[in-house]
1. Of everything in segment 80-90 that's open to solvent by 40 Å² or more (accessible area, probe 1.4 Å) and under 14 Å from the mean Cα position of the chain (by Cα), which residue is farthest from I51 (Cα to Cα)?
2. Just the residues that are in contact with a strand residue (DSSP E or B) (Cβ under 8 Å, 6 or more places away or on another chain) and at pLDDT below 95, please, taken from segment 51-68.
3. So if I check each of V100, V49, which one is open to solvent by 90 Å² or more (accessible area, probe 1.4 Å), farther than 13 Å from R19 by Cα and of a type in the set (V, I, T)?
Amino acid sequence: QVQLVESGGGLVQAGGSLRLSCAASGRILGINAMGWYRQAPGKQRELVVAITSDGSTNYADSVKGRFTMSRDNAESTVYLQMNSLKPEDTAVYYCNAEDVDFDYWGQGTQVTVSS
């Protein structure tokens, strides 16, 4: 089992920045990819960015150039730096981890961007 705990959400004005954190614990050695997803009201959950064990990243077109995912292997933590936030970025953001057997999800953290 892998446990994921997110933090760092909140309310910010358009154009502002936030940094989300996701701390992983448990059987983390088996993780081969981690990512951030988001779900806005009335919409399906969508990929924001994913990073694989070799360090390659895949960003959604809507966040390219504004969001940056990074990781601290020593702390088993991944981060999502979000700059130039827009009202359409408002959503619950979820941390995700994958191993060969399961997808794991954090509890989610709310990000609200006011216009």
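1. Within segment 80-90, the first condition is being open to solvent by 40 Å² or more (accessible area, probe 1.4 Å), and the residues that meet it are 81, 83-84, 86-88.
Restricting the remaining residues to those that are under 14 Å from the mean Cα position of the chain (by Cα) gives 81, 83.
Values: Q81: 14, N83: 19 Å.
Looking at the filtered set, the residue picked out is N83.
2. If the condition is that a residue be in contact with a strand residue (DSSP E or B) (Cβ under 8 Å, 6 or more places away or on another chain) and at pLDDT below 95, then I51, T52, S53, T57, N58 are the ones that fit.
3. Working: V49 fails: open to solvent by 90 Å² or more (accessible area, probe 1.4 Å).
Step by step, each of V100, V49 is checked, and only V100 is open to solvent by 90 Å² or more (accessible area, probe 1.4 Å), farther than 13 Å from R19 by Cα and of a type in the set (V, I, T).
The values are calculated or read from the model by the stated rules, or taken from the named source; none is laboratory data. Predicted, not measured: the structure shown is a model, and the values here were computed from it. Don't worry about glycine lacking a Cβ; one is built from the backbone with ideal geometry, like all the others, and counts go over all protein chains shown. Ligands, DNA and RNA are excluded from the accessible area calculation, which covers all protein heavy atoms including side chains. Shrake-Rupley method; radii C 1.70, N 1.55, O 1.52, S 1.80 Å.
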